[in-house]
1. Please enumerate the residues belonging to the range 126-176 that are surrounded by 19 or more Cβ atoms within 10 Å (Cβ to Cβ), without any contact (Cβ under 8 Å) to a residue 40 or more places away in the chain and small (Gly, Ala, Ser).
2. For the structure I just gave you, tell me whether Gln258 is within 11 Å of the ligand (Cβ to nearest atom) and either of a type outside the set (A, V, I, L, M, F, W, C) or surrounded by 15 or more Cβ atoms within 10 Å (Cβ to Cβ) (or both).
3. Please verify whether the range 270-281 includes one or more residues that are buried (at least 20 other Cβ atoms within 10 Å of the Cβ), more than 16 Å from the ligand (Cβ to nearest atom), aliphatic (A, V, I, L, M) and modelled with pLDDT under 95.
4. State all residues of the range 311-336 that are outside any loop (DSSP other than H, G, I, E, B) and free of Cβ contacts under 8 Å to residues at least 60 places away in the same chain; if no residue qualifies, say none.
5. Every residue in the range 396-437 that is more than 24 Å from the chain's Cα centre (by Cα), assigned to a strand (DSSP E or B), among the basic types (Lys, Arg) and buried (at least 17 other Cβ atoms within 10 Å of the Cβ), please.
6. Is it true that Val465 is in a strand (DSSP E or B) and on the phi < 0 side of the Ramachandran plot?
7. Test Ser187 against the criterion of being buried (at least 18 other Cβ atoms within 10 Å of the Cβ), more than 30 Å from Leu398 (Cα to Cα) and of a type in the set (Gly, Ala, Ser), and give yes or no.
8. Would you confirm whether any residue within the range 71-84 is of a type in the set (Phe, Trp, Tyr), part of a helix (DSSP H, G or I) and at pLDDT 95 or above?
Amino acid sequence: MSTHQPPSQSLHDPRDKRLPVIAPPCGLVIFGITGDLARKKLVPALYDLSNRGLLHPSFSLTGFARRDWGSQDFEDFIRDSVKKNARTDWDENTWEQFSAGLRFVAGSFDDSESFDQLAQTVKELDHTRGTGGNHAFYLAIPPAAFPKVVSQLVRSGLNDEWGEDRFRRVIVEKPFGHDLESAKELSNLLHGVFSEKDTFRIDHYLGKETVQNILAMRFSNIMFEPLLNSNYVDHVQITMAEEIGIGTRAGYYDGIGQARDVMQNHLLQLLALTAMEEPVTFGASDVHVEKEKVLSALRLPKDLESASAIGQYTAGYQGGEHVRGYLEEDNIDQNSRTETFAALKLFVDTRRWAGVPFYLRTGKRLGKRVTEIAIVFKRAAHIPFDKESTEELGNNALVIRVQPFEGVTIRFGSKVPGVGMRVRDVTMDFGYGHAFTEDSPEAYERLLLDALAGDSPLFPNQREVELSWQTLDPVLKYWGQTGGPQPYRPGTWGPESAEQMMAHDGRTWRIP
Ligand code: BG6
């Protein structure tokens, strides 16, 4: 999806397409290094990049946390995280190089001395490791802590670029605010210190190979694009379903809910990629322009009662195992009205998509873990077979399977073998696992590499974030004023109201 135009420090000549992009000399500081995200995703992804030869030998990782750790403790922690979670094999040579760049600074976000020490550490890395004055700061911490960290970065001079052609970048994780207003506040805070081009917002769905393939499939082929418009498409269903409950994430999730957690970002980004026009190039600004157009053309139906649904999982059985209801999960408020399921109908008011509903649904403790985009076509205007022959023929569909079983399915009608003419639905499948021998990199590998290389088409920009909230805010407000989420049993596809929402339009949800 990206053409990769790395900055001047990069080792890579952008005209040479044979070589992969390699991050320039640089260091990364992770705030929140002891958290789940860093341990399970970020650190292993960095090791994997290093193992694939995509990080510069000078690459250095500095952890900042409130732990009474020496450098050996930190190294042990990182080794353990890599051994447990890395995608690629353990390699002593990679580890030797990677571990030589590990640094740890102990401190809290209030502690100015620790930040001074961090500034010292970062400076030393330039001399001892050759990080070239290039440093990125990953805020893998709750947004409430951002203001403190950002002001400490400024106070300690860590955000100063110390010269031309050197970078200081900030990488932030969603949630990017909890509504439009707070998203703007967050942006003001970050933009007070880092420019938009140096601000990288991670939406890990955009780092998934299958999500990037939406654009490859649409814009590198001739056979799909002519059909993707209101002449042929009946509707689009975007599903992101999970089997898991909220586990130990009550502190983050309760009061936030499924719509803020994944609809505002992952689902609306999937919608934008599915509906956008062809960008002039795959450079960041051209991709952003097209996504912004889609997001600004989103329209909510007037009657949100019949066009949306929210639910909350109850106790029950999932895959033969008894699981707790949301309200019985640890640290959840007994009266919580937080939704663990959300569904919403939207329109994209452009000539291409006029009148085509886009249905989004997402939830925890659903039938199975699956993310897919199903483009469901209209019936042919005329079918020259009698009704009985086509009883088993549904609508043609193009399904992009984001996960698991990554690939694409085309559903169409075919003659059933035998005398007479009976037509029934069949599918034609492309699976990544069959077509390619190499494993797909993890989303965080791609995104961390792009952030360090300064390549940003895969990161939502501030305008996209704001447009998404602008769409979702009235829905959240509406849900806040209604009776709250409807219960649904684990292992099902959500509450009754989700079925009713589709029935209202004479349609049904797919069972993926
Ligand atoms: C995260 C959400 O962004 O995505 C989680 O905060 C969710 O609630 C997760 O479980 C799902 O990611 P994936 O890659 O497993 O589909």
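The values are calculated or read from the model by the stated rules, or taken from the named source; none is laboratory data. A quick note: this is a predicted structure, and the numbers were derived from the prediction, not measured. No Cβ is skipped: glycine too gets one built from the backbone with ideal geometry, and neighbour counts run over all protein chains shown.
1. Gly133, the sole residue that qualifies.
2. Criteria met by Gln258.
3. Within the range 270-281, not a single residue is buried (at least 20 other Cβ atoms within 10 Å of the Cβ), more than 16 Å from the ligand (Cβ to nearest atom), aliphatic (A, V, I, L, M) and modelled with pLDDT under 95.
4. First, pick out the residues of the range 311-336 that are outside any loop (DSSP other than H, G, I, E, B): 311-313, 316-318, 321-323, 326-328.
Listed by number, the residues that qualify are Glu321, His322, Leu327, Glu328.
5. Of everything in the range 396-437, just one residue is more than 24 Å from the chain's Cα centre (by Cα), assigned to a strand (DSSP E or B), among the basic types (Lys, Arg) and buried (at least 17 other Cβ atoms within 10 Å of the Cβ), namely Arg411.
6. So Val465 fails the test.
7. Yes, satisfied.
8. Within the range 71-84, the subset of a type in the set (Phe, Trp, Tyr) is 74, 77.
If we keep only those that are part of a helix (DSSP H, G or I) as well, we get 74, 77.
Right, trim to at pLDDT 95 or above and you get 74, 77.
Yes, that holds for at least one residue.
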